[in-house]
Amino acid sequence: MRFHLISLFLLICIVLPAPAGLAQNPEQVAVTLHWQHQSQFAGYYMALAKGFYAQEGLDVTIMRGGPDVRVGEMLRSRKTEFASFMLSSALEERAAGLPMVQLAQVVNRSNFLLAAWKNPAEGVSIDDLKDLEGRRITVWLQDFRAPYLALFASKKIQPVILPQYYTLSLFLHRGVTACSVMRYNEYHTLIQSGIQDKDLEIFSLHDLGIRLPEDGIYCLDETWQQRPETCRKFVRASLKGWAYARDHEKETLDEVMKYVRKENLPTNRMHMSWMLREMLASIFPAKGDDWIFGRISRRTYEDASGMLIRYGGLESAPPFKEFIKDGVANND
């Protein structure tokens, strides 16, 4: 009797089709994020959790980034098919010889800020960007440095720039007048530490003309050439994940916190909630915004790359159509 039941079960498994929308032999791919797990990448988490990747026939592994992960090298060594980069970082990698292309522009509004003490230790108040002339400030190294260099060069300001690592302690102890912060991350960390808004002068790089799109989805050019439909599937599901995150904030935060707790990261739900809201505002255009969700226009790309060449130390940038692929039918 037991033999017949087992045989019947096996027969049912063979005859019945896979659930609708799910591939029987999903294609395995990986995406490497350019930083540690946080709400900045919520769309990818939700695309995985809600089965959007599976519906596209993809078995996706999400790998964290961070200071110990060289995302460009992960692409170069074929350890990941897809990766998230900021546009400025991606162009630097491309100029250095990594044959990568963009599939989608996720974040179109820049979140780069410069936070300054209104009344620094030197005793002279900071009311305008030009007041930072000759002042000690900290700026991130490597990938996130270019936007600030572009800002200072374009405004003809020469502060004394010190390296900023992964802490705000030098600024908090008033060892410098200003520091680099992201609107969705370190700025809120300053507020959570007890600093009052009235004590800070915040300079938005976007408002000051440094309009650099940020996070995007990238792959090697050969991946795009050999597997264009796989690329489109990954982009389609990822953007669907972001749309779901926008409409289901509590559920999304629950999922984000699972990743955070697994990595034992020093953060909290309130901070992740702030980050998610700011990220969504940078991804989905509000009335009057001049971008389209998931896309970068030729004009935006050429303005951004030209600015980085003129002011940010970028040696060269590829033509729009060579670098920007139609993962989501990017505009011309």
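Where helices (runs of 4 or more DSSP H) sit wholly within segment 19-113, those with at least 2 residues that are touching a helix residue (DSSP H, G or I) at 6+ places or on another chain (Cβ under 8 Å), farther than 25 Å from Leu253 by Cβ and among the charged types (D, E, K, R) occupy 87-95.
Hey, among Ala104, Ala121, which residue is in contact (Cβ under 8 Å) with a residue 24 or more places away in the chain, farther than 19 Å from Leu308 by Cβ and in the same structural domain as Pro319 (by TED's automatic domain parsing)? Working first, answer last.
Details: Ala121 fails: in the same structural domain as Pro319 (by TED's automatic domain parsing).
Going through Ala104, Ala121 in turn, the sole match is Ala104.
Kindly indicate which of Leu149, Leu162, Leu113, Leu172 is under 24 Å from Met272 (Cα atoms) and under 25 Å from the mean Cα position of the chain (by Cα).
Working: Leu149 fails: under 24 Å from Met272 (Cα atoms); Leu162 fails: under 24 Å from Met272 (Cα atoms); Leu172 fails: under 25 Å from the mean Cα position of the chain (by Cα).
It is Leu113.
The residue pairs whose first member lies in segment 134-153 and is under 19 Å from Phe85 (Cβ atoms), whose second member is of a type in the set (Phe, Trp, Tyr) and surrounded by fewer than 20 Cβ atoms within 10 Å (Cβ to Cβ), and whose beta carbons are closer than 6 Å, counting only pairs six or more residues apart or on different chains, are Ala150/Tyr311.
Restrict the check to segment 141-151 and report whether at least one residue is of a type outside the set (S, T, N, Q) and over 21 Å from Gly306 (Cβ atoms).
We begin by selecting, within segment 141-151, every residue of a type outside the set (S, T, N, Q); these are 141, 143-151.
Among the residues that remain, those that are also over 21 Å from Gly306 (Cβ atoms) are: 141.
Yes, some residue in segment 141-151 is of a type outside the set (S, T, N, Q) and over 21 Å from Gly306 (Cβ atoms).
Would you be able to say whether some residue in segment 267-279 is in contact with a Ser or Thr (Cβ under 7 Å, 6 or more places away or on another chain) and among the hydroxyl-bearing types (Ser, Thr, Tyr)? No, that holds for no residue. What do you reckon, is Trp224 closer than 24 Å to Ala90 by Cα, of a type outside the set (A, V, I, L, M), assigned to a helix (DSSP H, G or I) and touching a helix residue (DSSP H, G or I) at 6+ places or on another chain (Cβ under 9 Å)? Spelling it out, Trp224 is indeed closer than 24 Å to Ala90 by Cα, of a type outside the set (A, V, I, L, M), assigned to a helix (DSSP H, G or I) and touching a helix residue (DSSP H, G or I) at 6+ places or on another chain (Cβ under 9 Å).
Could you list, ordered by first residue, the pairs with Cβ atoms under 8 Å in which the first is in segment 66-81 and assigned by TED's automatic domain parsing to the domain that holds Thr32 and closer than 26 Å to Pro266 by Cβ and the second is loosely packed, with under 13 Cβ neighbours inside 10 Å and of a type outside the set (S, T, N, Q), at least 6 apart or interchain? Close Cβ pairs satisfying both conditions: Pro67/Tyr166. Summed over segment 183-216, residues that are aliphatic (A, V, I, L, M) and either farther than 15 Å from Pro147 by Cβ or surrounded by fewer than 20 Cβ atoms within 10 Å (Cβ to Cβ) (or both) total 6. Using the structure shown, decide if Asp131 is more than 27 Å from Ser316 (Cα to Cα), free of Cβ contacts under 8 Å to residues at least 40 places away in the same chain and of a type in the set (Asp, Glu). Yes, satisfied.
Would you be able to tell me the number of residues in segment 290-332 that are in a helix (DSSP H, G or I) and surrounded by 17 or more Cβ atoms within 10 Å (Cβ to Cβ)? Walk me through it before giving the result.
First, pick out the residues of segment 290-332 that are in a helix (DSSP H, G or I): 298-311, 320-323.
Now drop any that are not surrounded by 17 or more Cβ atoms within 10 Å (Cβ to Cβ), which leaves 300-301, 304-305, 307-308, 311, 320, 323.
So the count comes out to 9.
Which count do you get for residues in segment 157-189 that are outside any strand (DSSP E or B) and within 29 Å of Phe41 (Cβ to Cβ)?
Restricting attention to segment 157-189, the residues satisfying the condition of being outside any strand (DSSP E or B) are 157-159, 165-177, 183-189.
Okay, now just the ones that are also within 29 Å of Phe41 (Cβ to Cβ), so 165-172, 183-189.
Selection size over segment 157-189: 15.
The values are calculated or read from the model by the stated rules, or taken from the named source; none is laboratory data. Because the structure is predicted, anything quoted here is derived from the model rather than measured. All Cβ positions, glycine included, derive from the backbone under ideal geometry; neighbour counts span all protein chains shown.
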